[in-house]
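Throughout, read-outs are computed from the coordinates displayed, never taken from laboratory work. If you're wondering where the values come from, they're calculated on a predicted model, not measured in any experiment. Methodologically, a virtual Cβ is constructed for each residue, glycine included, from the backbone with ideal geometry; neighbour enumeration extends over all protein chains shown.
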Amino acid sequence: MKAILLTGFEPFGEEEINPSLEIAKALDGRETDKYKIYARELPCVFGEAVDQLRLAIQEVKPDLILCVGQAGGRPDLSIERIAINVDDARIPDNKGNQPIDEPIIVEGPVAYWSSLPIKAIVKHLRDAGLPASVSQTAGTYVCNHVFYGLMHEIRHSSIRGGFIHIPFLPEQIQTRTHMASLSLDEMVRGIEIAIQVSVDVEQDLLLEGGQTQ
Ligand code: PCA
């Protein structure tokens, strides 16, 4: 039985809700014959979010870690390929920190790859009728910070880890209807599929997932 650590973030910016946290709550305790999900909430705060993640790793002792965050405006489930070693905050975090062009880990590598089977996840999500793509950047805010911190933390272990960005919920776009959204049910189903595929698929598929811009 594999232990899965699933994290979601508290709301940030002008939002009152964060779909990633709603998904984490919905999936907490979910169990199959292969795995059990342990969900945790992370603060949208540079530094503290990684500290909390580290504590959760010590507590849950997971085989696999999936961190999820909101990327308002993105139209699909974006499976992040890479975490980069920089904080560059467009808006302050929930404690007022706004690092600009600072390394996350001084002397750390420029980037870490996700160790989840990102192409297989995209394929299975699309096969299930959900919009999904590989994303080549998780941004430079708290999500990328946590993704980089996660991959740095588990770099010498057999734990697999990665990050998925998700769109807004329908209730978040009531006054900005030009923006994309997905229902909570669809996103919960998508994250469950991503976990299932990550547990089942050791070697990622060689499928096209690139972009020209
Ligand atoms: N999204 C932000 C941080 C927390 C969240 O859910 C981001 O994309 O960096």
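Annotations
- Cut-off under 5 Å, modelled amide H: who pairs with Lys2 long-range: Tyr35, Lys36
- Per-residue Cβ neighbour rank within 10 angstrom, fewest leading, Ser198, Ser183, Ser158: Ser158, Ser183, Ser198
- Rounded Å value of the spacing that divides the Cα centres of the range 86-155 and the range 195-213: 16 Å
- In percent, rounded to a whole number, the relative contact order of the chain is 26, using alpha-carbon pairs under 8 Å and six or more apart.
- Separation in nanometres of the label points that stand 7 Å from Cα toward Cβ, at Ile17 and Lys36: 3.0 nm
- Farthest positive-ward along the range 1-154 dipole, Cα basis, beta-carbon charges - from Ile104, Cys67, Ile79: Ile79
- Protection proxy ranking of 106-119, 85-98, 34-47 - average other beta-carbon atoms within 10 Å, highest first: 34-47, 106-119, 85-98
- Dividing the convex hull volume of the alpha carbon atoms of the chain by its residue count gives 124 Å³ per residue.
- C-alpha center-to-center spacing [the range 20-36, the range 51-73] in angstrom: 13 Å
- Relative contact order for the range 1-119, counting Cα pairs under 8 Å that sit 6 or more residues apart, in percent: 27 percent
- Were the residues from Lys2 through His178 laid out at 0.36 nm apart, the gain over their Cα-Cα distance would be 59.3 nm.
- Sparsely packed loop sites in the range 144-213 (the trypsin sites (Lys or Arg not before Pro) outside DSSP H, G, I, E and B with at most 11 other Cβ atoms within 10 Å) comprise Arg176.
- Over the range 19-84, Cα pairs under 8 Å with separation of 6+ residues give a relative contact order of 27 percent.
- Proxy reagent accessibility, fewest Cβ within 10 Å first, across Thr7, Thr140, Thr175: Thr175, Thr140, Thr7
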